[in-house]
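Just below is one structure, and these are the notes that go with it.
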Amino acid sequence: MYSPQRRDFISVTLGNQAGRNYDNSKTWRRQSCWRKWKQLSRLQRSLIAFLFVFLVFCGIAAYPNLSERWQDTLYSVTTGDAHAKAFQADESHRDGELKQVKAAVDVLLPRALPFTQPQKPRRPNLNKRGPPVLQNRLSKKENAEEPKISKKENEVEAIPNNKDEEKDNMISWRGMEIEPERVTVALSDTKKEEKPVPNENANTKEPGALNERQKAVIDAFQHAWKGYKQYAWGHDELKPISKTYSEWFGLGLTLVDALDTMWILGQKEEFEEAKKWVINELNLGKNVDVNLFETTIRILGGLLSVYNLTGDQVFLDKANELGNRLMPAFNTPSKIPYSDVNIGRGTAHPPRWTSDSTVAEVTSIQLEFRELSRLTKEEKYQAAVDEVMKRIHKLGGKRDGLVPMFINTNSGQFSHLGVYTLGARADSYYEYLLKQWIQGGRIEADLLEDYLQAIEGVKKNLIRKSEPSKLTFVGELSHNQFSPKMDHLVCFLPGTLALGAHHGLSADHMELAKELIETCYQMYAQIETGLSPEIVHFNLSPHSNKDVEVKPADRHNLLRPETVESLFYMYRFTRDKKYQDWGWEILQNFNKYTRVGTGGYTSINNVRSSENPEPRDKMESFFLGETLKYFFLLFSDDFNLISLDKYIFNTEAHVLPIWTT
């Protein structure tokens, strides 16, 4: 019998699938593509996957530049009405706790009015009080005039050419390093509108007979200047150990910061040499990102100060140019300025990682821009900074007048709520509340109201006493948790409190100032080198045997001026010689531990080691601009040398007049 016939093939009939025959549809093609993908070798699939990931990465890298241009267009179309409504809502918000402070303001303001009333403005169409105070005009015309802007379609982001790119791009808060930021938005029209009016009341007073302590300050200045001139001339900061320099903005920070110090100390030869550099070498149109706050207080403030002291028109011309180049920072949806500006391209931007600016940055530029408006008769400068204060005055999120550290430039609202400090990122907000009130002739009630409420908030929330010596100090509050941490920066507060008391505020402010300046002095006296660390923690335990504790990360000293500043104010108002003696101790310790033999002074890493304080190889510009200036004025018994009835100091110790006419 034969076996069944054997077949060596299989016959397959494609049937109907879901009522549909094979027709090369997308579904069938997907299955076919997947089969082909599986048929590829592992190497081939890896190469294709790598190319895909690479293209995605390139797309992500290119996205920020494209999104910034889209946002520019969207902002111009959508944000105007939305933000106007948001701020109208903010204006309706009032804290009931303001009533007591307002009562104090009502009592104080009539007492302040004997000041000579400000002169009428030249422009009859503006309703201004005194040297261009623009609040009345702003209340009538909400949308203050902004600088003209235009967009470049093919903008190229600035590329730092410094060899130490990563290091030089770091942005600092009064010497504390913060990550750098990059560029977005628009160009401003930087043309001058009119020629500034010369200062006819410049203070050309020569310093009187010098005592031995003042001569020691002059010697320290000359030694510091020797190092800067020899190794860092025209650059931002001296590195005295390595005999070289570092750049931050490339605008000669130390030189400009020190101009008015040279004038006050009578260093006229050095002053004239530095003036020539400003005329011939200071390029305010270079393609460089600068921090709005630091540039305003150091360079703009320095130029305005030396103009008011000398009456030399060249400094006002430079100040006007710089002010104009900084104006794009205010071109934000909320009118709260961006942190950084490219002064050459006229662009401004927030940090890449956030839309926030620090509260101190945006509220500590007012003295300078207001004075620039007074001198140039250009209202836009004061209009911009007064708008910032007006909005912050009405914001929620404060705690008994204390403000958070950050504010969003898009929404105009405080962010990172719950943390309150008088240290970094908030400190000079409180200082400038009082000083703006004094600058404007003591007639701006909102500023006084905010200041008085803030001081009451400090007393209620931040003041404690240490153990065992019962030193009064200012701590921090974080989400209702008190921290006995006090920055050296907070030592500005005794001087500010004393200044307020001198101008008619409560005598309790002076008593608190006396307690706090004792604490600031102890932050030096209880340390091995006699120099204060950057941050201290105070002991609260009754069983503690010392008041001050310093953590390893906080042991550095940056040649800061705040304690010397407050000693100057306290001596001027009390005439108590102990404040001069305390300052003399501090100056001697600066000479002992920070003076570099070949020229200059250096910040140090370890104030707790008198054997090896570990020099950091950097002389901050504020050592010449502030610290030595306050030493010189502290040791002077000529109380008409920069009279505190005629002048105020910005937060970089630059001299600005009080408006009395």
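The values are calculated or read from the model by the stated rules, or taken from the named source; none is laboratory data. This structure is a prediction, so every number in the text was calculated from the model and none was measured. FYI the Cβ positions are ideal-geometry reconstructions off the backbone, even for glycines, and counts take in every protein chain you see. All accessible areas refer to the heavy atoms of the entire protein, side chains included, with ligands and DNA or RNA removed. Shrake-Rupley method; radii C 1.70, N 1.55, O 1.52, S 1.80 Å.
Report whether or not PHE622 is under 19 Å from ARG560 (Cα atoms) and hydrophobic (A, V, I, L, M, F, W, C).
Working: under 19 Å from ARG560 (Cα atoms): yes; hydrophobic (A, V, I, L, M, F, W, C): yes.
Taking the combined requirement at face value, the residue satisfies it.
Please return the ranges of strands (runs of 3 or more DSSP E) entirely within segment 325-437 where 1 or more residues are closer than 23 Å to TYR451 by Cβ. Talk me through it step by step, then tell me what you get.
On the way: elements: 340-342, 347-349, 356-358, 406-408.
It comes to 356-358, 406-408.
Give me the residue from segment 359-372 that is touching a strand residue (DSSP E or B) at 6+ places or on another chain (Cβ under 9 Å) and of a type outside the set (Val, Ile, Thr) and, out of that set, surrounded by the most Cβ atoms within 10 Å (Cβ to Cβ).
GLU368
Find the residue count for segment 204-224, including only residues that are open to solvent by less than 40 Å² (accessible area, probe 1.4 Å), assigned to a helix (DSSP H, G or I) and closer than 26 Å to ASN640 by Cβ.
6
Out of segment 473-484, which residues are crowded, with 20+ Cβ neighbours inside 10 Å and part of a strand (DSSP E or B)?
Matches in segment 473-484: PHE473, VAL474, GLU476.
Among what's in segment 439-472 and is touching a strand residue (DSSP E or B) at 6+ places or on another chain (Cβ under 8 Å) and in a helix (DSSP H, G or I), pick the residue that is farthest from THR421 (Cα to Cα).
Ranking the candidates gives GLN439 first.
Any chance you could count how many residues in segment 311-330 are open to solvent by 30 Å² or more (accessible area, probe 1.4 Å) and closer than 20 Å to LYS646 by Cβ?
Result for segment 311-330: 1.
Being farther than 18 Å from ALA525 by Cα, open to solvent by 10 Å² or more (accessible area, probe 1.4 Å), out of contact with any strand residue (DSSP E or B) (no Cβ under 7 Å at 6 or more places or on another chain) and not in a loop (DSSP other than H, G, I, E, B), is that true of even one residue in segment 573-585? Reasoning before the result, please.
Filtering segment 573-585 for residues farther than 18 Å from ALA525 by Cα gives 573-576.
Now drop any that are not open to solvent by 10 Å² or more (accessible area, probe 1.4 Å), which leaves 573-576.
Applying the additional criterion that residues be out of contact with any strand residue (DSSP E or B) (no Cβ under 7 Å at 6 or more places or on another chain) yields 573-576.
Add one more test, that the residue is not in a loop (DSSP other than H, G, I, E, B), and what stays is 573-574.
Yes; the residues of segment 573-585 include at least one that is farther than 18 Å from ALA525 by Cα, open to solvent by 10 Å² or more (accessible area, probe 1.4 Å), out of contact with any strand residue (DSSP E or B) (no Cβ under 7 Å at 6 or more places or on another chain) and not in a loop (DSSP other than H, G, I, E, B).
For residues that are open to solvent by 60 Å² or more (accessible area, probe 1.4 Å) and not acidic (Asp, Glu), tally how many sit in segment 516-530.
Residues flagged as open to solvent by 60 Å² or more (accessible area, probe 1.4 Å) and not acidic (Asp, Glu) within segment 516-530 amount to 1.
Is it the case, given these coordinates, that PRO533 is part of a loop (DSSP other than H, G, I, E, B), surrounded by 20 or more Cβ atoms within 10 Å (Cβ to Cβ) and within 22 Å of the chain's Cα centre (by Cα)?
Details: part of a loop (DSSP other than H, G, I, E, B): yes; surrounded by 20 or more Cβ atoms within 10 Å (Cβ to Cβ): yes; within 22 Å of the chain's Cα centre (by Cα): yes.
Taking the combined requirement at face value, the residue satisfies it.
Please find, among ASP554, ASP576, ASP581, the residue that is more than 30 Å from ASP637 (Cβ to Cβ), charged (D, E, K, R) and modelled with pLDDT of 95 or more.
Working: ASP576 fails: more than 30 Å from ASP637 (Cβ to Cβ); ASP581 fails: more than 30 Å from ASP637 (Cβ to Cβ).
Going through ASP554, ASP576, ASP581 in turn, the sole match is ASP554.
Go through segment 544-566 and give me each residue that's in contact with an Asp or Glu (Cβ under 8 Å, 6 or more places away or on another chain) and either open to solvent by 40 Å² or more (accessible area, probe 1.4 Å) or hydroxyl-bearing (Ser, Thr, Tyr) (or both).
SER544, ARG555
For a quick check of your reading: which helices (runs of 4 or more DSSP H) sit entirely within segment 227-290 and have at least 1 residues that are open to solvent by 50 Å² or more (accessible area, probe 1.4 Å) and not basic (Lys, Arg)? Step through it out loud before you land on a result.
Working: elements: 253-257, 259-265, 268-280.
The qualifying helices (runs of 4 or more DSSP H) are 268-280.
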